[in-house]
Amino acid sequence: MDTLVTTEWLARNLAGADLAIVDSSAFLPTDGRDPVAEFAEAHIPGARFLDINLVADRSHPAPHMLPSAADFGAAMTALGVGRDDRIVVYDNSPLRTAARGWFMFRHFGAERVAILDGGFQKWRSEGRPVESGEARGREARFDAHERDSEVVSKHEILAGTEIPIVDARGKARFEGSEPDPRPNVEVGHIPGSKNLPFASLYREDGTLKPEQELREAFEALRIDPDAPFIASCGSGVTANSIIFAAHRLGGRRGKLYDGSWSEWGADPDTPKQKGPA
């Protein structure tokens, strides 16, 4: 299974016994949308819902930080997703949050994980079947373990790093000309970071841009997708689109700053920069 699958591929493989379909839709607090209610109203047949706000380290002040391996494994076992399944993640969000789900499954040990290109929006626009209500029961086991060196902390960045930092937020939020959607978070960006808005990696229909265009986006910032880099964003979600894009180009060394600007911008002691990169 490729890491990016089409709606046609998924439709042909819906009946696969080892196929686990996961909706990982999430929205900004200001969007006024409820992903749990939307899943109950309509989802791809056989799908289950990964709530990234609940399957998280909720003791941390920053939103939806990665949980422990034990907590993630228990949550996925209860959800009916096995570590050895073919896992297809999708979303119905302008934030392209399937990339966060993809990162989480891989980070905790799953090998066969893909994103549905175009997500639920494309699936529905093609008139493909949907179902409503709660997810169907499914027996599965997810023995989770964390992959090393995929996540960096605020303290590691403050200690100094030569690895480039790439911020996935839009230009206005990166430059500090637009307020942050979360309260008590300052504006701007991590000094020295570069801006690659996650939305620029997708076509208007939500499908990922061709690999040549992705490569050109990295080259424009003088970022090598094959070399180590740190991806950041507002709260550790859209940064995963940058990591996924690099993965499509053969890169395997992208790292996630999970706390991202929600953590950095809320800390009065961290350095902050405004204006263009």
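The values are calculated or read from the model by the stated rules, or taken from the named source; none is laboratory data. Note that the structure is a prediction, hence the values are computed from the model and not measured. Each accessible area value is taken on the protein alone, full model and side chains, heavy atoms only, with ligands, DNA and RNA left out. Shrake-Rupley method; radii C 1.70, N 1.55, O 1.52, S 1.80 Å.
Taking the centroid of alpha carbons for each part, region 1-71 and region 248-269 are 21 Å apart. Every pair of different Cα atoms in the chain enters the Kirkwood calculation, which places the hydrodynamic radius at 18.9 Å. The share of alpha-carbon pairs in region 63-146 lying farther apart than 20 Å comes to 39%. For the set Met104, Met65, the ranking by accessible area, highest first and with no ligand, DNA or RNA atoms included, is Met65, Met104 under a 1.4 Å probe. Surface composition of region 198-265: carbon plus sulfur atoms hold 44% of the accessible area, using a 1.4 angstrom probe and ignoring ligands, DNA and RNA. Shape of region 136-277 from the C-alpha gyration tensor: rounded (a/c under 1.5, with a ≥ b ≥ c the square roots of its eigenvalues).
Specify the residue with the greatest mean-square fluctuation among Thr30, Thr77, Thr207, computed from a Gaussian network of the chain linking alpha-carbon atoms under 10 Å apart. Highest fluctuation of the listed residues: Thr30. Evaluated over the chain, the count of Lys pairs having alpha-carbon atoms less than 23 Å apart is 17 (only pairs 8 or more residues apart or interchain).
Overall, the anisotropy analysis places region 42-111 in the oblate class: the square-rooted eigenvalues a ≥ b ≥ c of its C-alpha gyration tensor yield a/c not less than 1.5, with a/b not exceeding b/c. Solvent-accessible area per residue in region 161-243 equals 43 Å², computed with a 1.4 angstrom probe and all protein chains kept. The residues of region 102-147 present an accessible area of 52 Å² per residue when probed at 1.4 Å with all protein chains retained. Here the Gaussian network model covers the chain, with springs between Cα atoms less than 10 Å apart; of His43, His247, His189, His247 fluctuates the most.
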